[in-house]
Amino acid sequence: KNKTISWGRESRSDQIEYLNGTVLTRQFLTWIPNEGFDLLIGKSQARRSLVLWRLSEKSQNESEISISVHPYIYEHWSSWKTQILHYFWIRRRLRSYLGSVLGGLDYFLRFGKHTPKNFPRSHPWFS
């Protein structure tokens with residue numbers, strides 16, 4: 001579920017509730033029509049990750065999307081701890097989650113209807 005907090009020219013934010021009950025607040029920093037957006041997402045002001053979505057047209061009937069995630073946890077950990085955590089835990093889970101996000105988007109574009117819950121698979125962070 002999504003709950004709008006504010007949506008105007010100066011401020012855009014909402015809350016998203018995942019299937020497992022986790023509630024995250026998204027603050028949209030930049031909104032670029034037909035190109036993408038930047039947002040901060042997290043449970044609290046102090047623990048928010050930066051996410052950059054970009055769209056580009058490859059042809060008249062084909063577009064490309066890229067999602068870059070900069071997890072908040074990297075700001076507070078030393079280099080070697082961050083690298084170990086990233087390699088063995090965060091990277092794999094993040095890839096899986098983003099794969100589900102893109103799979104859901106693909107489903108919606110192909111079939112024109114809401115994506116089934118946990119499509120194409122559940123995820124331990126959000127399901």
Residue match in segment 39-60 (condition: modelled with pLDDT under 90, among the hydroxyl-bearing types (S, T, Y) and surrounded by 12 or more Cβ atoms within 10 Å (Cβ to Cβ)): no
Of all residues in segment 101-120 being assigned to a helix (DSSP H, G or I) and of a type in the set (D, E, K, R), the one that is nearest to I67 (Cα to Cα): D106
Among the candidates N61, N20, N34, residue that is in contact (Cβ under 8 Å) with a residue 24 or more places away in the chain and over 12 Å from the mean Cα position of the chain (by Cα): N20
Neighbours by Cβ (under 8 Å, 6+ apart or cross-chain): first from segment 108-127, on the phi > 0 side of the Ramachandran plot and touching a residue at least 12 places away in the same chain (Cβ under 8 Å); second surrounded by fewer than 13 Cβ atoms within 10 Å (Cβ to Cβ) and not in a helix (DSSP H, G or I): N118/L19
Residue match in segment 82-92 (condition: farther than 24 Å from S127 by Cα, of a type in the set (S, T, N, Q) and either assigned to a helix (DSSP H, G or I) or open to solvent by less than 90 Å² (accessible area, probe 1.4 Å) (or both)): yes
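Could you please let me know if F126 is out of contact with any Lys or Arg (no Cβ under 6 Å at 6 or more places or on another chain) and outside any helix (DSSP H, G or I)? Lay out the reasoning, then the answer.
Numbers: out of contact with any Lys or Arg (no Cβ under 6 Å at 6 or more places or on another chain): yes; outside any helix (DSSP H, G or I): yes.
It is true that F126 is out of contact with any Lys or Arg (no Cβ under 6 Å at 6 or more places or on another chain) and outside any helix (DSSP H, G or I).
The values are calculated or read from the model by the stated rules, or taken from the named source; none is laboratory data. The model shown is predicted, which means the values in this text are computed figures rather than measured ones. Glycine gets a Cβ as well: all are built from the backbone with ideal geometry, and neighbour counts include every protein chain shown. The accessibility values were calculated without ligands, DNA or RNA, using every heavy atom of the protein model including side chains. Shrake-Rupley method; radii C 1.70, N 1.55, O 1.52, S 1.80 Å.
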